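K.L.:
The structure follows.
The values are calculated or read from the model by the stated rules, or taken from the named source; none is laboratory data. Everything quoted here is computed from the prediction, not taken from an experiment. Backbone-built Cβ (ideal geometry, glycine too); neighbour counts: all protein chains shown.
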Amino acid sequence: MFGRVNNVMGVEDVPLVAIADAVGTPAYVYSQGAIEDRYRRLARALGGGRARICYAVKANANLAILGLMRELGAGFDIVSAGELQRVLRAGGAAGDVVFSGVGKSVAEIDFALKVGIHCFNVESEAELERLESRARLLSRVAPVSVRVNPDVDAGTHPYISTGRRENKFGVPEGTALGMYRHAAASDALQVRGIDCHIGSQVRELGPYAAACERLLGVVDTLAAEGVPVDHVDLGGGFAVPDDGEPGLDVEAYGQEVAAAVFDRGLELIVEPGRYLVAQAGVLLTRVEYLKRATREGQRNFAVVDAAMNDFLRPALYKARHPVKAVEANDAAPLRWDVVGPVCETGDFLATDRDLALTEGALLAVFGAGAYGMVLSSNYNGRGRAPEVLVSDGDFRVVRRRETVGDQLALEGEGR
Ligand SMILES: *Cc1c(COP(=O)(O)O)cnc(C)c1O
């Protein structure tokens with residue numbers, strides 16, 4: 001969806017320059033067509049509608065994106081009441097929501113019980129106890145799935161690996177069995193499924209297949225005890241291509257992993273975030289200053305108007321995102337570090353990139369549709385960037401730029 005026509009870089013035939021001129025920089029730009037393509041490809045790979053795709057809201061929680069997901073037929077995977085509010089505001093149905101996360105508060109549990117979500121993905125015995133007592137108090141029955149920690153290595157960055165025994169997520173199989181027995185005997189809990197989520201940017205099928213086998217083993221044990229589950233939720237984490245590495249082969253996932261769940265006559269739930277939106281977004285930013293190296297050992301810095309507060313992934317995970325100049329220019333290519341104005345050495349968007357740059361040049365940082373805007377902050381007093389959605393050859397602002405007034409409003413008059 002992103003490409004060059006007559007040397008002008010655009011998205012769905014809309015020149016990125018036109019968007020930058022209209023909304024300023026930095027700005028996030030998303031392609032509706034790219035999201036639709038990804039969603040449909042995944043749905044096709046997973047038995048053409050047999051799986052329930054619960055979009056992981058935390059990847060990109062803009063209301064317009066959530067509304068688009070709803071139209072495409074997605075459910076939602078949330079990790080907070082705030083995300084649940086967003087889903088409902090975007091027209092999503094509570095019955096299409098699964099609720100993950102290790103720290104669900106009483107208020108969050110109560111809210112989710114009242115609106116009637118599809119399932120709580122329970123991460124500890126203590127949470128199950130809390131859920132049971134809140135459900136009883138509110139005269140509800142809480143639908144539950146236990147998040148099993150399958151102790152598999154997803155082969156990904158330590159910060160985004162979640163399925164190993166040393167991680168805080170889920171419970172071991174033995175603990176899960178005890179929780180299921182308890183839930184099956186409780187009038188305030190209803191066993192609905194079993195789940196796991198082994199990490200993010202998982203490229204190989206092996207870890208998924210191993211996790212799935214573990215979960216199905218628990219399903220078998222439970223079935224033998226007369227505790228049936230309706231669904232198996234294998235989480236998200238489907239890798240997209242980056243840094244020259246390929247993404248997850250979702251067609252192979254469909255054939256080798258999803259099929260094992262379908263073969264049991266069970267419903268499959270998946271919770272992809274990044275896969276659906278990462279490559280559908282760019283961050284537009286403009287070069288403010290060029291600081292060329294003048295001595296041996298110095299680096300060339302392109303100081304741009306976006307920073308780590310806008311896009312944290314390079315600083316947080318050393319994520320390598322392609323950066324391109326939107327318009328051709330005749331500057332000599334040089335090796336640049338693309339850095340922001342924030343007062344941190346870790347404030348970079350890209351390092352060691354061969355680019356032809358001029359001051360004022362418009363740049364696009366690719367792969368910024370997931371874990372971009374949602375991780376942004378007001379650090380250094382910076383307002384958050386606007387978000388723009390491109391569809392059908394046109395674009396509209398789906399979140400305006402944050403003003404200083406927006407930032408100050410929460411603090412009254414000070415002291
Ligand atoms: C973060 C998360 C996801 C989505 O991960 P992606 O890498 O964006 O696909 C899904 N499920 C759970 C429980 C998560 O924490």
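K.L.:
Being touching a Phe, Trp or Tyr at 6+ places or on another chain (Cβ under 8 Å) and away from the ligand (no atom under 14 Å from the Cβ) is the filter here, so list the residues in segment 230-267 that pass it.
P.N.:
Hit for segment 230-267 is VAL257, nothing else.
K.L.:
Please determine, by comparing only the residues of segment 160-182 that are of a type in the set (S, T, N, Q) and within 16 Å of the ligand (Cβ to nearest atom), which one is modelled with the lowest pLDDT.
P.N.:
Among residues in segment 160-182 that are of a type in the set (S, T, N, Q) and within 16 Å of the ligand (Cβ to nearest atom), the one modelled with the lowest pLDDT is SER161.
K.L.:
Which is surrounded by 21 or more Cβ atoms within 10 Å (Cβ to Cβ) and farther than 30 Å from VAL229 by Cβ, of ILE19, ILE53, ILE78, ILE109? Steps first, answer last, please.
P.N.:
On the way: ILE53 fails: farther than 30 Å from VAL229 by Cβ; ILE78 fails: farther than 30 Å from VAL229 by Cβ; ILE109 fails: farther than 30 Å from VAL229 by Cβ.
Of the residues listed, the single one that is surrounded by 21 or more Cβ atoms within 10 Å (Cβ to Cβ) and farther than 30 Å from VAL229 by Cβ is ILE19.
K.L.:
I would also like to ask the following. Take the residues of segment 141-159 that are crowded, with 17+ Cβ neighbours inside 10 Å and farther than 18 Å from ASP230 by Cβ: which is modelled with the lowest pLDDT?
P.N.:
Here the answer is THR156.
K.L.:
What number of residues within segment 274-296 satisfy the criterion of being surrounded by 23 or more Cβ atoms within 10 Å (Cβ to Cβ) and not hydroxyl-bearing (Ser, Thr, Tyr)?
P.N.:
Here is the first cut: in segment 274-296, the residues surrounded by 23 or more Cβ atoms within 10 Å (Cβ to Cβ) are 274-285.
Filter once more, so that each one left must be not hydroxyl-bearing (Ser, Thr, Tyr): 274, 276-284.
Total satisfying the criteria: 10.
K.L.:
Taking the condition of being part of a helix (DSSP H, G or I) and crowded, with 16+ Cβ neighbours inside 10 Å, how many residues in segment 210-232 meet it?
P.N.:
Going through segment 210-232 one residue at a time, the tally reaches 9.
K.L.:
Which is touching an Asp or Glu at 6+ places or on another chain (Cβ under 8 Å) and either more than 27 Å from VAL8 (Cβ to Cβ) or loosely packed, with under 15 Cβ neighbours inside 10 Å (or both), of ARG299, ARG400, ARG320?
P.N.:
ARG299
K.L.:
Now for a separate question. Out of segment 82-139, which residues are away from the ligand (no atom under 16 Å from the Cβ) and either of a type in the set (D, E, K, R) or in contact (Cβ under 8 Å) with a residue 60 or more places away in the chain (or both)?
P.N.:
ARG89, ASP110, LYS114, GLU125, LEU128, GLU129, ARG130, GLU132, ARG134, ARG136
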